[in-house]
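Colleague: Would you mind keeping the following structure in view while I ask a few things?
The values are calculated or read from the model by the stated rules, or taken from the named source; none is laboratory data. Just so it is clear, the structure is predicted and the values come from calculations on it, not from any experiment. Here the Cβ positions follow ideal geometry from the backbone for every residue, glycine too, while neighbour counts run over all protein chains shown. The protein model used for the area step is the full one, side chains on, heavy atoms only, and it has no ligands, DNA or RNA in it. Shrake-Rupley method; radii C 1.70, N 1.55, O 1.52, S 1.80 Å.
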Amino acid sequence: MSKRILSGIQPSGQLHLGNYCGAIRQFLDLQAEGHELFVFVASYHALTTQRDPLALRAACRQIVVDYLAFGLDPARTHIYVQHDVPEVTELAWLLSCVCPTSLMDKAVSYKDKLAKGFSANVGLYTYPILQAADILAPRAQVVPVGKDQVQHIEITRDIAGRFNHEFNAEVFVLPDHRLAPHAEVLPGIDGEKMSKSYGNTIDPFQEEKALRKRIMSIKTDSKGVQEAKDPETCAVFRIVRALAGPGDARTVELAARYRDPSLQPGGLGFGYGHAKQALFELILDVFREPRARRAALMADPGHIEAVLKAGAAVARAEAARTVAAARAATGL
Ligand code: TYM
């Protein structure tokens, strides 16, 4: 049965392989299965940390171009930017009035951001309430995300359930999260979680030469070409496995060469340079079509405008319905 799906990504820089493996690939799978998708750019969320207006505007536009380049189809999927749907902020207020502060105190994303040196503003603190409003506004049933976002979906269920209970009305649908099959938090070039704010990302659209250089800079241990290596602890292998899938011949073969370097053709052993070259070729292969599509999309801003206008119209109509029901339940 077709379900209503929603997810978003913050415009805080170029999309990276972590976003692709955790979220975007799920969007494409769910779109192909015939579900109704709402996919947006979380611009209000980015404002909790972003202070450069030009960079914010450019990143919002770039994410939409990239959504389309990856294969999201505006004829089937509603694509919009969050600030074109102001009903979401009204809903966030209604939700904040039933949200205990203890729920925000527990949110790990806030603590993470503070640990990274971001200022402790109220928007950052109540960020999960805005995320709940994004999800509840179009009454999404399923939210495809990476592992780091699961807590936010749990908070959404909690807030929605409280609202329904406290106002004794079935206003909100409680959503479920969805993880990619074999989901893991993808490591970046330094082995930590791949994240825009760590500066350790890999951009699947990067120009070939620079992309290869980036991949060659992934941190590994210093084992030589003749030594057996552990694929499980190596970022290069983990990225290959996430992109190709654990059962794919390329993954299985690579793991075997890590463990037994003599399997590498040529008989000269297997080093991390070989593994990195395999990853580079895999990225070019997986993203061949998106890379080709992207240039044409970049040259057609009118098309992007039209996509966003159509997406926002649908998202606003759905959000307005939910807000009207929520207002009515409260007595407003
Ligand atoms: P954001 O912008 O940090 O990340 C977007 C999506 O990419 C996933 N992701 C990863 N998955 C695996 N490995 C990684 N290294 C990795 N890095 C990022 C994230 O899990 C996410 O699915 N708060 C959200 C944006 C948001 C949202 C929403 C999402 C706002 N409203 C409503 C879903 C529903 C965020 O900051 O994601």
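Colleague: Select the helices (runs of 4 or more DSSP H) contained entirely in segment 10-82, then report the ones holding at least 1 residues which are among the hydroxyl-bearing types (Ser, Thr, Tyr) and open to solvent by less than 10 Å² (accessible area, probe 1.4 Å).
Modeller: Details: elements: 25-32, 43-46, 53-70.
It comes to 43-46, 53-70.
Colleague: Let me ask you something else. Need pairs with beta-carbon distance below 7 Å; first residue under 25 Å from Val171 (Cα atoms) and within segment 119-139, second part of a loop (DSSP other than H, G, I, E, B) and within 9 Å of the ligand (Cβ to nearest atom); sequence gap 6+ or separate chains.
Modeller: From residues that are under 25 Å from Val171 (Cα atoms), the pairs are Ile135/Pro175.
Colleague: Being surrounded by fewer than 20 Cβ atoms within 10 Å (Cβ to Cβ) and either under 19 Å from the mean Cα position of the chain (by Cα) or at pLDDT below 95 (or both) is the filter here, so list the residues in segment 239-257 that pass it.
Modeller: Narrowing segment 239-257 to residues surrounded by fewer than 20 Cβ atoms within 10 Å (Cβ to Cβ): 244-250, 252-253, 255-256.
Those that are surrounded by fewer than 20 Cβ atoms within 10 Å (Cβ to Cβ) and either under 19 Å from the mean Cα position of the chain (by Cα) or at pLDDT below 95 (or both): Ala244, Gly245.
Colleague: Additional query: What are the residues in segment 89-113 that are away from the ligand (no atom under 15 Å from the Cβ) and either at pLDDT below 95 or open to solvent by 60 Å² or more (accessible area, probe 1.4 Å) (or both), if any?
Modeller: Hits for segment 89-113 are Glu90, Trp93, Cys97, Thr101, Ser102, Asp105, Lys106.
Colleague: Next question. Based on what the data block shows, is Ile159 outside any loop (DSSP other than H, G, I, E, B), buried (at least 16 other Cβ atoms within 10 Å of the Cβ) and within 14 Å of the ligand (Cβ to nearest atom)?
Modeller: yes
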